[in-house]
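Peer 1: Structure incoming, see below.
The values are calculated or read from the model by the stated rules, or taken from the named source; none is laboratory data. As the structure is a prediction and not an experimental result, all values here were calculated from the model. Cβ: placed from backbone, ideal geometry, glycine included. Neighbour counts: every protein chain shown.
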Amino acid sequence: MSRDVKGTYRAQSRREEDVKGTYKAQSAAAGAARDTSAETPSARKRRGPTTRMVPVPSQSIVPERDADKNPILECRHLGIDFGGLRAVDDFNLMIGRTEIAGLIGPNGAGKTTVFNLLTKVYAPTRGTILLDGVDTAGMDTPKVSQAGIARTFQNIRLFDSLSVEDNVRIGLHNQIPCGMWSGMLRLPRHWVSEKEFHDKALELLDVFGMAGNADDIAGSLPYGAQRRLEIVRALATDPKLLLLDEPAAGMNPSETAELMDNIVRIRDTFDIAVLLIEHDMDLVMGICEGIAVLNFGKIIAKGTPAEIQSNPQVIEAYLGKQE
Amino acid sequence: MGKLKNLNAATRSNLITYGMVIVLFVVMQSLAAAKAISSSTAGLLVPITAYICLAISLNLVVGISGELSLGHAGFMSVGAFTGVIVASMLAEAIPVGWARLLVSMLVGGVFAGLAGFLVGVPVMRLHGDYLAIVTLAFGEIIKNLLNNLYAGFDGSGLHLSMTNAQALGMDGGKIVINGPQGAVGITKLSNFAMGFLLVLFTLFVVLNLVNSRTGRAIMAVRDNRIAAESVGINTTKYRLIAFVVSAALAGMAGALYAQNFSSIVPKKFDFNTSILILVFVVLGGMGNIRGGIIAAIVLTILPEKLRFIGDFRMLMYAIVLIAVMLVTNNRTIQSKIADLRERLRRRGDDQAALAVDAEGGVVDE
Amino acid sequence: MGFLTNLINGVSLGSVYAIIALGYTMVYGIAKMLNFAHGDVIMVGGYICFVCMNNLGLPVAVAILLSIVGCTCLGMVVERAAYKPLREAPSLAVLITAIGVSYFLQNSALLIWGADPKVFKSVVDLPSLKFFEGQLVVGPINIVTALTCVLIMVSLTLFTSRTKMGKAMRACSEDKGAAQLMGINVNTTISMVFAIGSGLAAIAGVLLCSTYPTLMPTTGSLPGIKAFTAAVIGGIGSIPGAALGGVLLGIIEIFAKAYIGTQLADAIVFGVLIVMLLIRPAGLLGKEIHEKV
């Protein structure tokens, strides 16, 4: 059984090489075709991004506008083992400074594990993570957050018993300094920073039109609002890269459509990169500029939405082998 | 009143807490001055203030930081014994009683805070049950060490020993701490007014801390440690802050408590005392500072007033602990209580409606 | 000879800790809760045995049996009444409840039997063994305790690995939800674990009181806490770990008493726990568990 799997792995990776070989030609063709191509029903509903993706030296692609700048994130040969299990292996990815990137793959492929590696919830067994050119080796989760990676969680993790505003204020923790003594003894510094906390928190909540809910208890918010609050809280940390773990999970189509607009708007307003894990293909194909597909802990394909949709390995990973 | 409504909920709640403490103090002080309360109750006033401070400070760890500490009495004892030593050494330097008490409380607080830091650094690597059992262990260790502590001072200064009184090598002077017999010959410096001031101070520190950037970080760690880390909060640091501040405040209360008696033994600060303080916190509602204060008062006075329950007192505490936990944490019981409340409310509404009908219809406001 | 005597006393005390720790570790492994009241079940076991022997004049074997049955029932009742309703509650709430149960048992015993220490007559009525011309005296209770401990450990290991119920217990300790889907009655299994743990506590109580013959309502609390310490040192959830930790802790305690001082012995025992948790939080034979994100 295990030998079979390994066999397929090898076959897959060889095929991946082929894809890479013909990549340049394909992407040029796809880029040209996309502007005028006949629209599929899903694309008609939501016009996909028309960003031209260009290859960079590390076998990855980034949006053309980011090509001459430092990538915000670069993973080299990243991997982690749990006991004998290689949960993630040889994970190479580069994300442009203002790219919306997608990480997709079947359940259990290791997508959330990648997020946990990027945020150092798990210490990587192998490989390097460069955030804006800086190696994050030796950093722990809080340090990575301060360095500029913010995230949301698949199973929502809010500060349930605190108010919506306090949740955002906690996100702002490292943005506004104020020592323990200032707070404990109510020194002037405390009042100045509290004002700043309040103003900034409301400003951020306003991005999602949630300023009216500032005093509500976070745990009592409806599901969709909790997901939005998690994003606001992540944005409060002033990130360079925002990781969204299944942001559309449990949302209906109209909420998802709104979320897509919001993600693009966040990218444009805050001028940051977004990497998202999502099973909703309308969302992924609708807003992601570059997509990486993960299966059994390995990247089996990278490319633009159009390329990924037509990639035989991806189809096989999702649907199984066609006999 | 209108102005009070404009404040945010937290500030309003804090003001009510301060107000309640001040009113209680004024009432009890006037009653005591008018000799309207029995001497046994009057004798409880200082211990009650100390217990209130302990309940507030433990609430910072259990309610706000969300970790169970079972060694709070240990920090109390560090403050108590340091305070006694300091006060007796300063007997000549500071003749004014209240000033000496103040200094001894401050030093007691600092030493207890230091003990809290030394204990906290290793303990904060642990969570949940492990943390609870290790704080319990530390409480026992502190008690054991104090049981072996001998201290005295003479012309040449302070002498400390861990073996016996002879080993102090005293040249005349006075023995302050005498091993298992504890602190002896304490000058009674504590009084109700100083206790009241300490309660206000403790409240000030804890309430301010909770409603500040630091306090929010502590509560964030309590609510969701992983999420707190993900937004860049150093969880160990903030749990440690709560733990150390709590220990320091407990030390101050210990210094106040000890100097209300002429002698005090280390055994007084054992696991049972830690549990007693925990009962205050749990009964008052974890994280609810005002509730903790009320619980500390009621549970100290009630057994005194209900002498006949005598031996049943501790049994009562046990049942209270279990009942509060079941009521606040079991969904079935909670929904039953909610049902009951709803039914009572409806009945109340019906009666109100009847009353209104009797008066001849509803009048628009 | 002093060294050997201490070692024998240490192993004997350690065996009692080990038996208590086995109960702790099984409950912790499956119910994932620190049953603070476990130590007080020991005390109840001691009292039941005492009452049966002294007040009712029953034979020793019957007294021990009744003590085991009584504690088993007590453990199951406590679990049903206090812990089962809190299965979904945060661990802080469960722990506080367990502390409440511990206090409840202690103070009930205080009301029933009073605060005066009772003198417990050893259940093993055999002459002491003398070696080296009487320089080394080994109490029969020491031997019985050590043998009982080994017997219990072996049978528990066999029980959890060979029997259907034991396998169900292991399944529950891995994943309650999955165990339930496989048709295992989780509630019965947890109840069963409490029954076994409490039965062991009764045995430990009888042995403890036979070695140190004063019986008070607080008799069980400190050994209980130390046994939990032993379970943590050995690696919580591991049966051989609990036994190893218990014996180690007993030896450390007796040697600390003999060579450092009676007053500081407890401080040293707890010091060992703290050092252990810092250098190897999973314990000697335990495995580390990661929180799922």
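Peer 1: Please enumerate the residues belonging to the stretch A:211-238 that are assigned to a helix (DSSP H, G or I), surrounded by fewer than 20 Cβ atoms within 10 Å (Cβ to Cβ) and either at positive phi or among the small types (Gly, Ala, Ser) (or both).
Peer 2: Selection gives A:Ala211, A:Gly212, A:Gly219, A:Ser220, A:Gly224, A:Ala225.
Peer 1: Residue by residue through the stretch C:7-27, note down the ones that are surrounded by 24 or more Cβ atoms within 10 Å (Cβ to Cβ) and either within 14 Å of chain B (Cβ to nearest Cβ) or among the hydrophobic types (A, V, I, L, M, F, W, C) (or both).
Peer 2: Within the stretch C:7-27, C:Leu13, C:Val16, C:Ala18, C:Ile19, C:Ile20, C:Ala21, C:Leu22, C:Tyr24, C:Thr25, C:Met26, C:Val27 qualify.
Peer 1: Please determine, by comparing only the residues of the stretch C:126-141 that are in contact (Cβ under 8 Å) with a residue 24 or more places away in the chain and farther than 17 Å from C:Gly46 by Cα, which one is surrounded by the most Cβ atoms within 10 Å (Cβ to Cβ). Let's see the steps before the verdict.
Peer 2: Step one: of the stretch C:126-141, the residues in contact (Cβ under 8 Å) with a residue 24 or more places away in the chain are C:132, C:135-139, C:141.
Filter again for farther than 17 Å from C:Gly46 by Cα, leaving C:132, C:135-139.
Values: C:Phe132: 9, C:Gln135: 11, C:Leu136: 14, C:Val137: 14, C:Val138: 16, C:Gly139: 19.
Looking at the filtered set, the residue picked out is C:Gly139.
Peer 1: Given (1) touching an Asp or Glu at 6+ places or on another chain (Cβ under 9 Å); (2) more than 28 Å from C:Val247 (Cα to Cα); (3) crowded, with 21+ Cβ neighbours inside 10 Å, identify the lone condition not met by C:Leu95.
Peer 2: All conditions pass for C:Leu95, except number (2).
Peer 1: Let me ask another. Filtering the stretch C:83-93 down to residues that are modelled with pLDDT of 90 or more and more than 7 Å from chain B (Cβ to nearest Cβ), which residue is farthest from B:Ala132 (Cα to Cα)?
Peer 2: Looking at residues that are modelled with pLDDT of 90 or more and more than 7 Å from chain B (Cβ to nearest Cβ), I get C:Lys84.
Peer 1: A:Arg267 - would you say it is in a helix (DSSP H, G or I) and in contact (Cβ under 8 Å) with a residue 60 or more places away in the chain? Steps first, please.
Peer 2: On the way: in a helix (DSSP H, G or I): yes; in contact (Cβ under 8 Å) with a residue 60 or more places away in the chain: yes.
Against the criterion (in a helix (DSSP H, G or I) and in contact (Cβ under 8 Å) with a residue 60 or more places away in the chain), A:Arg267 qualifies.
Peer 1: I want to confirm something. Restricting to the stretch A:118-147 and keeping residues that are touching a strand residue (DSSP E or B) at 6+ places or on another chain (Cβ under 7 Å) and within 10 Å of chain B (Cβ to nearest Cβ), which single residue is farthest from A:Gly297 (Cα to Cα)?
Peer 2: A:Ala147
Peer 1: I've got another one for you. Sort out which residues of the stretch C:257-290 are over 21 Å from the mean Cα position of the chain (by Cα) and small (Gly, Ala, Ser), and write them in order of number.
Peer 2: Passing the criteria: C:Ala258, C:Gly261.
Peer 1: Looking at this structure, is B:Val84 within 22 Å of the chain's Cα centre (by Cα), assigned to a helix (DSSP H, G or I) and at pLDDT below 95? Break it down stepwise before answering.
Peer 2: Numbers: within 22 Å of the chain's Cα centre (by Cα): yes; assigned to a helix (DSSP H, G or I): yes; at pLDDT below 95: yes.
Yes, satisfied.
Peer 1: Does any residue of the stretch B:179-198 turn out to be of a type in the set (Lys, Arg), in a loop (DSSP other than H, G, I, E, B) and in the same structural domain as B:Asn148 (by TED's automatic domain parsing)? Lay out the reasoning, then the answer.
Peer 2: Our first condition is that a residue be of a type in the set (Lys, Arg); within the stretch B:179-198, this holds for B:188.
Narrowing further to those that are in a loop (DSSP other than H, G, I, E, B): B:188.
From the residues that got through so far, the ones that are in the same structural domain as B:Asn148 (by TED's automatic domain parsing) too are B:188.
Checked the stretch B:179-198: at least one residue is of a type in the set (Lys, Arg), in a loop (DSSP other than H, G, I, E, B) and in the same structural domain as B:Asn148 (by TED's automatic domain parsing).
Peer 1: Among the residues of the stretch B:119-176 satisfying the criterion of being among the acidic types (Asp, Glu) and within 30 Å of C:Pro90 (Cβ to Cβ), which is modelled with the lowest pLDDT?
Peer 2: Across the stretch B:119-176, the extreme among qualifying residues is B:Asp129.
Peer 1: Return the only residue of B:Ala228, B:Ala253, B:Ala248 being touching a helix residue (DSSP H, G or I) at 6+ places or on another chain (Cβ under 8 Å) and at the interface with chain A (Cβ under 9 Å from one of its Cβ atoms). Can you show your working first?
Peer 2: Details: B:Ala253 fails: at the interface with chain A (Cβ under 9 Å from one of its Cβ atoms); B:Ala248 fails: at the interface with chain A (Cβ under 9 Å from one of its Cβ atoms).
Of the residues listed, the single one that is touching a helix residue (DSSP H, G or I) at 6+ places or on another chain (Cβ under 8 Å) and at the interface with chain A (Cβ under 9 Å from one of its Cβ atoms) is B:Ala228.
Peer 1: Please give the helices (runs of 4 or more DSSP H) falling wholly within the stretch C:1-94 in which 1 or more residues are within 21 Å of the chain's Cα centre (by Cα) and without any contact (Cβ under 8 Å) to a residue 12 or more places away in the chain. Please lay out each step first, then the result.
Peer 2: On the way: elements: C:2-31, C:38-50, C:60-78.
Ranges flagged: C:60-78.
Peer 1: Sticking with this structure for a sec: Condition (residue is in a strand (DSSP E or B) and over 26 Å from A:Met285 (Cα atoms)) applied to the stretch A:131-146: is it met by at least one residue?
Peer 2: Taking the stretch A:131-146 first, the residues in a strand (DSSP E or B) are A:131, A:134-135.
Then drop every residue that is not over 26 Å from A:Met285 (Cα atoms), which leaves A:134-135.
So far as the stretch A:131-146 goes, yes, one or more of its residues are in a strand (DSSP E or B) and over 26 Å from A:Met285 (Cα atoms).
Peer 1: If you don't mind, there's one more thing I want to ask. Is the stretch B:124-132 home to any residue that is at the interface with another protein chain (Cβ under 9 Å from one of its Cβ atoms) and crowded, with 22+ Cβ neighbours inside 10 Å?
Peer 2: Yes, because at least one residue in the stretch B:124-132 is at the interface with another protein chain (Cβ under 9 Å from one of its Cβ atoms) and crowded, with 22+ Cβ neighbours inside 10 Å.
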